[in-house]
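Peer 1: The structure's right below; bear with me while I get my questions together.
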Amino acid sequence: MSNLILETRQLTKAFKGFTAVDAVDLQVQRGHIHALIGPNGAGKTTCFNLLTKFLVPTRGQILFNGIDITGEKPAQIARRGVIRSFQISAVFPHLTVLENVRIGLQRFTGTSYHFWKGLTALRKLDDRALALLALVDLQDMAQTRAGDLPYGRKRALEIATTMAMEPELMLLDEPTQGMGHEDVDRVTALIKRVAEGRTVLMVEHNMKVISRIADRITVLARGAVLAEGDYATVSRHPRVLEAYMGSEATELQGAH
């Protein structure tokens, strides 16, 4: 079982009178892009919040590399190498693109909390920051103010900043949300590129994205696992099509 990087056992989150995540058993294989999909209100983001300990499970277990991390705090989870990006782009808008990535790299230098020390130590990180920007096609925008980037490029910057923290497991929450076709295609290719040698767990609504890059898919509905498998398997599953219904089901089947 050493090929499992992340596992949940009967993971449950109940609010007053409502179970948002219901006894979810999730198994994420090392090196895979694993997608978590489902209709609105299925519990996908709540599940992410449980994995990163922004929410405390009502019951159940979370194991990372075989170690029970259920009781750990968000900072401990991040130090283990579980790094998350959010639905809303989270960059420092007044800093340059390069400076944003450099902040992600600071945790490895011992300068994380020494902002008053001047820039000399930080400039040593520029080569690594530029290499990460090259990976996400942002090297030509290194000196651009992050707030001035188009939306799709902000998401690419966020992925570069996430990469700077050297994640063993990247959690991407709706990485293509609100994007036009061109940006969706660029970010999809980018996720595939940065996933090489890493593990990605992503929540995503765009079925074309899922069909192109996901190795394995878990479908949630009403907080519970409805189906699991590769895209061909889940896109034809009767209960999955029923859960999506209408135009969303057509999109699910037509995304090949």
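The values are calculated or read from the model by the stated rules, or taken from the named source; none is laboratory data. These numbers come from a predicted model, not from an experiment. Please note: Cβ atoms are built from the backbone with ideal geometry, for glycine as well, and neighbour counts cover all protein chains shown. To get the accessible areas, we keep the full protein, side chains included, count just its heavy atoms, and leave off ligands, DNA and RNA. Shrake-Rupley method; radii C 1.70, N 1.55, O 1.52, S 1.80 Å.
Peer 1: What Kirkwood Rh does region 1-79 have if only Cα atoms enter the pairwise 1/r average? Answer in Å.
Peer 2: 12.9 Å
Peer 1: What whole number of Å gives the distance from the Cα centroid of region 223-246 to the Cα centroid of region 4-40?
Peer 2: Comparing the Cα centres of region 4-40 and region 223-246, I get a distance of 15 Å.
Peer 1: Filter 73/192; 13/154; 154/192; 73/154; 53/208 down to the pairs with a C-alpha to C-alpha distance above 26 Å, please.
Peer 2: 73/192; 13/154; 73/154; 53/208
Peer 1: Can I ask one more? 7 Å from Cα along Cα→Cβ at both residue 19 and residue 40: what's the point-to-point distance in nm?
Peer 2: Label-label distance for residue 19 and residue 40, simple model: 2.4 nm.
Peer 1: Nearest 5 is fine: what % of DSSP beta bridges in the chain come out antiparallel, could you say?
Peer 2: Among the beta bridges of the chain, antiparallel pairing accounts for roughly 55 percent.
Peer 1: Continuing with the same structure: Which three lengths, in whole Å and largest first, does region 130-228 cover when its Cα atoms are put on their principal axes?
Peer 2: Projected onto the principal axes, the Cα atoms of region 130-228 cover 46, 28, 21 Å.
Peer 1: Suppose only helical runs count, i.e. DSSP H with n ≥ 4. What mean residue ellipticity at 222 nm does that imply for the chain under -39500 (n - 2.57) per run, divided by all residues and rounded to the nearest 500 deg cm²/dmol?
Peer 2: Calculated from helices alone, the mean residue ellipticity at 222 nm is -10000 deg cm²/dmol.
Peer 1: A follow-up question, please. If you wrap a convex hull around the C-alpha atoms of the chain and split its volume per residue, what is the figure in Å³?
Peer 2: Dividing the Cα hull volume of the chain by its residue count gives 135 Å³.
Peer 1: Out of the total accessible area of region 1-101 (probe 1.4 Å, heavy atoms of protein only), what percent is carbon and sulfur?
Peer 2: Its accessible area is 55 percent carbon and sulfur atoms.
Peer 1: When the solvent-accessible surface of protein heavy atoms is calculated with a 1.4 angstrom probe, in what order do 239, 9 fall, highest first?
Peer 2: 239, 9
Peer 1: Which translational diffusion coefficient, to the nearest whole µm²/s, is obtained for region 40-90 from the Stokes-Einstein equation, given a Kirkwood hydrodynamic radius over C-alpha pairs, 4 °C and 1.567 mPa s?
Peer 2: 110 µm²/s
Peer 1: By how many degrees, between 0 and 90 and to the nearest 10, does the Cα long axis of helix 126-135 differ from the longest principal axis of the chain?
Peer 2: 40 degrees
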